[in-house]
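Down below is the structure, laid out as structure tokens.
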Amino acid sequence: MASARAELGYLIGHVLVFGTVGIGFTEYELSVTDPDSASTPFQSADFDQQGVVYGGGVEIKVAEGVSIGALYLHYDVGKTFNIADDNISGFNDADDGDFLTFDDVDVVRARLNIQLTPR
């Protein structure tokens, strides 16, 4: 999972409150084996999804050149595939109505920033 985002914030004393928006990228791999037959070949498919990512956070200056923060991101990358209709390679025995669903992803991060060069 990755993203390219822009941030815009407002500084209140030593606290920066900000919002962020951009594009998010995810990659999923699905692998299946037939539990009834050891000779059934291994099936797999890769899925790349892109979508909007947005969120917000807070950054607090705790000392000169040191800050801590928290960030929430929502990756809007969920999608449902009809395995037979979307012609997903490797799953030749799929019936109409066999679906594969990837959900949106929510991320919470904590961060510590340390400025290494003096001002």
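The values are calculated or read from the model by the stated rules, or taken from the named source; none is laboratory data. What you see is a predicted model; the values in this text were computed from it and never measured. Here Cβ is always computed from backbone atoms with ideal geometry, including for glycine, and neighbour counts include all displayed protein chains.
For this structure, a couple of remarks:
- Flag for residue 84 being modelled with pLDDT under 90, loosely packed, with under 14 Cβ neighbours inside 10 Å, among the aliphatic types (A, V, I, L, M) and at negative phi: no
- Applying the condition of being assigned to a loop (DSSP other than H, G, I, E, B) and under 27 Å from residue 80 (Cβ atoms) to region 7-53 and asking which residue is modelled with the lowest pLDDT yields 41.
- Flag for residue 73 being at pLDDT 95 or above and among the aliphatic types (A, V, I, L, M): yes
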